[in-house]
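Single-structure report; data block below.
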Amino acid sequence: MKKLIFPILFLVSLTAYKSIEQPNYIDIQELRKIYSSGDLSKWPAAELHESIDKSKFQDIGVLPAVPYPDYNPYSKEKKV
């Protein structure tokens, strides 16, 4: 009987751990894909701290393209 206690306790604790609700996070790769699409309707709603006045919050939206100077133009090699 003693040999069964630990496996049973392990299974019960594993079941309890799995039943705890996990936060609803979006994978970082998925977020990058959503934000880079430029479609604001697909963006997840901002989660603001309770001390922030939500009526005055405004999302900045899609930023304009970055201008690169002539002396240092963009290249894929620099992206790495």
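The values are calculated or read from the model by the stated rules, or taken from the named source; none is laboratory data. In this text the structure is predicted, and so the values were computed from the model without any measurement. With ligands, DNA and RNA removed, areas are computed over all heavy atoms of the protein, side chains included. Shrake-Rupley method; radii C 1.70, N 1.55, O 1.52, S 1.80 Å.
What a 1.4 Å probe finds exposed on the chain is 61% carbon and sulfur by accessible area, rounded to a whole percent. For the chain, the mean residue ellipticity at 222 nm estimated from helices alone is -11500 deg cm²/dmol, where every DSSP H run of n ≥ 4 contributes -39500 (n - 2.57) and the total is divided by all residues, rounded to the nearest 500. With only the Cα atoms considered, the chain has a convex hull volume of 227 Å³ per residue. Probing with 1.4 Å while keeping every protein chain in the model, the per residue accessible area of the chain equals 104 Å².
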